[in-house]
1. Counting only residues that are closer than 12 Å to G181 by Cβ and of a type outside the set (A, V, I, L, M), how many does segment 56-70 have?
2. Restricting to segment 128-144, count the residues that are of a type outside the set (G, A, S) and under 15 Å from the mean Cα position of the chain (by Cα).
3. Just the residues that are more than 22 Å from M148 (Cα to Cα) and of a type in the set (A, V, I, L, M, F, W, C), please, taken from segment 62-105.
4. Which count do you get for residues in segment 107-155 that are in a loop (DSSP other than H, G, I, E, B) and farther than 23 Å from A64 by Cβ?
5. Quick check on this structure: which one of Y305, Y215, Y233, Y246 is within 20 Å of F41 (Cβ to Cβ), of a type in the set (S, T, Y) and assigned by TED's automatic domain parsing to the domain that holds L197?
6. Which one of L66, L78, L60 is at pLDDT 90 or above and within 22 Å of the chain's Cα centre (by Cα)?
7. Among the numbered criteria (1) under 17 Å from the mean Cα position of the chain (by Cα); (2) crowded, with 16+ Cβ neighbours inside 10 Å; (3) in the same structural domain as P58 (by TED's automatic domain parsing), which one does V147 miss?
8. Could you go through segment 118-125 and let me know if any residue there is out of contact with any helix residue (DSSP H, G or I) (no Cβ under 9 Å at 6 or more places or on another chain) and not assigned by TED's automatic domain parsing to the domain that holds A208.
Amino acid sequence: MVARRGPGGDGPDEMTEETLAYRDNPRFWPYVRIARVDHWFKNVFMLLGVFVAFFVDPSLLTWASLPVLLLAVLATCLTASSNYVLNETLDAAFDRKHPTKRRRPAANWEIRRRYALIEWLLLGAVGVGLGLLVNLPFTGSLVALWVMGVVYNVRPMRTKEVPYIDVLSESVNNPIRLLLGWFALIPHSFPPLTLILAYWMVGAFFMAMKRFAEYREIGNPGVAARYRQSFAYYNEPRLLISLFFYAIASALFSGMFIIRYHLELILVVPLLAGFFAYYMQLGLKPNSPVQNPERLYRERGFALYMIATVAFGALLMLTDIPALYDLFNVDLAKAPTLWTLGRP
């Protein structure tokens, strides 16, 4: 066993003879692993943008749209992998303080930093380059996705260390992915802002639940703070309160979108509420699976519930129920207003 001081002088880190061999004779596979191809499933969040685009313009629902969508997905996956490489490379010293993440390639001394940074730049350049083959608004969204990876990971910004901002700056990738799905098909207009904000808050709920599960799993505030600086501020009550904020904000923005664009979706609201409750139940479990969202497919009950909810919502998007508009019709308030902002 050989002990060496970790990056930044944060104390000795143990390296086995095997990990020393990795450094002396770098292998290809660890560099594939830090690109986290298994996390590409997160780009499924593009599908909402794609589906809403089809709903707005049904003429796009043809086989001719398939090649551009496949190209868009590939470009997004490569750009996301660029961010994953940066994340794991810069987090190596912190991951060594985590009970499970210390086995990641960068934390386990299996990669060389300079090679990883070259990989980060190459993946980002290829991803954005492919995006240019789609259209400029799509490329702009890809650049935003890549830039947020820098903002989240690189000092002096490194928003992942700032309480609440860490959750919001990571979950903003949700609406960016929505834009990527939308702009791949409709580059000349913008999707509804209420939907974008609702999607952001859903992502914030997921991320805050992950933080909560990580904090509980570590089980030691001091150790947690050494692993992630924001945990020096967080505790279970604060994280739970933030979860309620994100869930309620998502519900309010979703309701505004439903009323404005397609009232039939109000019928899926109970299932969506159940989805939040189900996810929170998973987050409260010991060794919670929400710490590794890429493995949530193993929770078969949750996966089936999510598929059923998405399928029912998609069906409602394609359904008209005129009686609902009569049922939920509400007269405008008759009370006089004190002032009017903007155009009357």
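The values are calculated or read from the model by the stated rules, or taken from the named source; none is laboratory data. All figures in this text were calculated on a predicted structure; none of them were measured in a lab. Here the Cβ is made from the backbone with ideal geometry for all residues, glycine too, and neighbour counts use every protein chain on show.
1. So the answer is 1.
2. Adding up the residues that qualify gives 1.
3. Those that are more than 22 Å from M148 (Cα to Cα) and of a type in the set (A, V, I, L, M, F, W, C): W63, A64, L66, V68, L69, L70.
4. Final tally of qualifying residues: 8.
5. Values: Y215 fails: within 20 Å of F41 (Cβ to Cβ); Y233 fails: within 20 Å of F41 (Cβ to Cβ); Y246 fails: within 20 Å of F41 (Cβ to Cβ).
Result of the check over Y305, Y215, Y233, Y246: Y305.
6. The unique qualifying residue is L78.
7. (2)
8. Yes, segment 118-125 contains at least one residue that is out of contact with any helix residue (DSSP H, G or I) (no Cβ under 9 Å at 6 or more places or on another chain) and not assigned by TED's automatic domain parsing to the domain that holds A208.
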